[in-house]
Amino acid sequence: MLLYTCVLATTLVLSLGQEDSESELRTKSKRITYEDPDPYKNLIQWLKDGKAEVSKVSIEVKSEGYRTLRASQFIRQGEWVLFVPRTHYLSLEEVKKSCLINRKMIQLNYIPNNIQTYFVNHLLQENRRQNSFWKPYIDVLPKDVSGFPTNFDAEQDALLKGSPTLFTVMNQRKTFQEEYDNLKEAVKEFQRYGYTYNDFVKFRTLTISRSFPVYIGENEQQQLLVPLADFINHDNNGFLQYGYSPDADGFFMQAVRNIQKGEELFYNYGQWSNKYFFMNYGFASLTNPMNQFDFDICLDRNDRMFKMKVELTGGNICWGNRLVNETDHDTFRQSLATVRFAQISKLDDFLQLEEDVQNYNQFWPGWHTTPKTIELEKATFKALRDLLVSELANFASTIEDDQRRLNDPSTPEFRRHIIMLTMREKQIIKKNIEVCDMMLSVIDKTSEQLKDLMRYYNYREIARFVNSEIIPMKLEAEGLA
């Protein structure tokens, strides 16, 4: 029996090895080994051997978590900074056909919850191969991904207390675990190769942070993993753009302004919030203009009009909202309108709302609940203020605590990004509380008093709303409309 088991195991290993070898031969027939002790030199030589153009850049390694590129010469506006041919970047098309696990998935009609799983499987496969064509690329991928929130421990999670990002982190972990478990169950080869959950999460994290969405044809957008280009870091004022050249059949980075020799290279990863950057790249910024705070606004089940409101909304009782630092913004008005809907307590106001929205196919409180009375507006601003005060109290630290830790040079880098993320969320909440306080301090004044006050700069945050909504209601109530 023992002999039979050994023979069976050996046969299985040889079978998998044969399939693996045949796949490798089909995809990349020529093999050149790169054995310099410096993996970054190997990467550059591998790219050059593949006809990539990388002579205008040099690698600078500041730490395991911070590698960057610098211009090795003056680069004029419009010039390509680097070029990587199709043979030396990974596309979805490439990884689907060259990875055994991916081919098995396609045969089984197994559809992953995210296309990046195809890239993960390919990297797991190539990482296992001794003489992989992709070895120079894999050797320079970060070994430590502990700075990404999916890999945080309980102590690090506690630093996110109060932030909506913590819910996103928990949900991402659940998604990763489900994908890993489903793959093991559905694709037997995945389990037989012994890929661990930690390995799966590591490469899943790396693919998220290194993926370039690129239009290959007119309407065909693909995700690409591009060696060397993924060293370039984010800046709001980035001066590079990238794309695919059909003539050269490859990926390029292009200068949108003149670049001086020795200058660090940056491109803008996109107009995203700190939460997006933190989840996908592991960093946050105090100067990100797209910072926001996400929160839910829900109906009160004890509200005597609860059933009427639920019926009007088609069964919804909670709505996701967000606030930004600029309070004269649609996000603030939508949040205010949602709270306004929840605060309606008079039947006349509700019936008026029903009449206002009867021609809409679908009612959404944040878009359709307009001001009705001064009394309702006062209740709305008070309720929004109370909700935001409660949200602020949920955080693990104060803004003052955060500032002290940021000023402390001994604060670890990963913790600094957590602090910047949560600090900006708290600052946004505080700013919106101040606007509510400002509104509550003036809402009981007469129309004439309000007109005089709104001329002052101190009230610029609420001037447009007071002038367009509050003063007309005041004039009507005073019989002056």
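The values are calculated or read from the model by the stated rules, or taken from the named source; none is laboratory data. Keep in mind it's a predicted model, so treat the numbers as computed, not measured. We place every Cβ from the backbone using ideal geometry, glycine too, and count neighbours over all the protein chains shown. Surface areas here come from the heavy atoms of the whole protein model, side chains and all, with no ligands, DNA or RNA. Shrake-Rupley method; radii C 1.70, N 1.55, O 1.52, S 1.80 Å.
Observations
- Residues of region 75-99 that turn out to be part of a loop (DSSP other than H, G, I, E, B) and either more than 17 Å from Gly238 (Cα to Cα) or open to solvent by less than 50 Å² (accessible area, probe 1.4 Å) (or both), as a count: 3
- Which listed residue is open to solvent by 80 Å² or more (accessible area, probe 1.4 Å), in contact with a Ser or Thr (Cβ under 6 Å, 6 or more places away or on another chain), under 21 Å from Ser273 (Cβ atoms) and not acidic (Asp, Glu), from Arg333, Arg322, Arg405: Arg322
- The residues of region 217-248 that are without any contact (Cβ under 8 Å) to a residue 60 or more places away in the chain, surrounded by fewer than 18 Cβ atoms within 10 Å (Cβ to Cβ) and part of a loop (DSSP other than H, G, I, E, B), listed by number, are Gly217, Glu218, Asn219, Glu220, Asp235, Asn236, Asn237, Gly238, Pro246, Asp247.
- Taking region 281-318 as the range and being acidic (Asp, Glu) and not in a loop (DSSP other than H, G, I, E, B) as the test, the residues that pass are Asp294, Asp296, Glu311.
- Single match in Ala52, Ala71 (criterion: in contact (Cβ under 8 Å) with a residue 40 or more places away in the chain, under 29 Å from the mean Cα position of the chain (by Cα) and open to solvent by less than 40 Å² (accessible area, probe 1.4 Å)): Ala71
- Some residue of region 143-152 being of a type in the set (Ser, Thr, Tyr), in contact (Cβ under 8 Å) with a residue 40 or more places away in the chain, out of contact with any Asp or Glu (no Cβ under 9 Å at 6 or more places or on another chain) and exposed (fewer than 15 other Cβ atoms within 10 Å of the Cβ): no
- Selection from region 297-346 of residues that are over 18 Å from Ile433 (Cα atoms), of a type in the set (A, V, I, L, M, F, W, C) and in contact (Cβ under 8 Å) with a residue 24 or more places away in the chain: Cys298, Leu299, Met305, Met308, Leu312, Trp319, Phe341, Ala342, Ile344
- Test result for Ser345, within 17 Å of Asp300 (Cβ to Cβ), in the same structural domain as Asp303 (by the TED database) and part of a loop (DSSP other than H, G, I, E, B): yes
- Test result for Leu450, free of Cβ contacts under 8 Å to residues at least 40 places away in the same chain and crowded, with 18+ Cβ neighbours inside 10 Å: yes
- The residues listed here are Met423, Met438; of these, the one that is in contact (Cβ under 8 Å) with a residue 40 or more places away in the chain and in a helix (DSSP H, G or I) is Met423.
- Residue among Arg128, Arg173, Arg192, Arg103 that is at pLDDT 95 or above, among the basic types (Lys, Arg) and over 20 Å from the mean Cα position of the chain (by Cα): Arg103
- When region 104-121 is limited to residues that are in contact (Cβ under 8 Å) with a residue 24 or more places away in the chain and closer than 13 Å to Glu189 by Cα, the one that is surrounded by the fewest Cβ atoms within 10 Å (Cβ to Cβ) turns out to be Leu108.
- Hey, Asp296 at pLDDT 90 or above, open to solvent by 50 Å² or more (accessible area, probe 1.4 Å) and in contact with a Gly (Cβ under 8 Å, 6 or more places away or on another chain) or not: yes
- Residues being acidic (Asp, Glu) and at pLDDT below 95 - total across region 41-88: 1
- Test for Met423: is it surrounded by 15 or more Cβ atoms within 10 Å (Cβ to Cβ) and under 23 Å from the mean Cα position of the chain (by Cα): yes
- Filter result for Asn198 (under 23 Å from Asp139 (Cβ atoms) and either open to solvent by 50 Å² or more (accessible area, probe 1.4 Å) or at pLDDT 95 or above (or both)): yes
- Residue in region 387-395 that is more than 23 Å from the chain's Cα centre (by Cα), outside the structural domain of Thr168 (by the TED database) and of a type in the set (S, T, N, Q) present: yes
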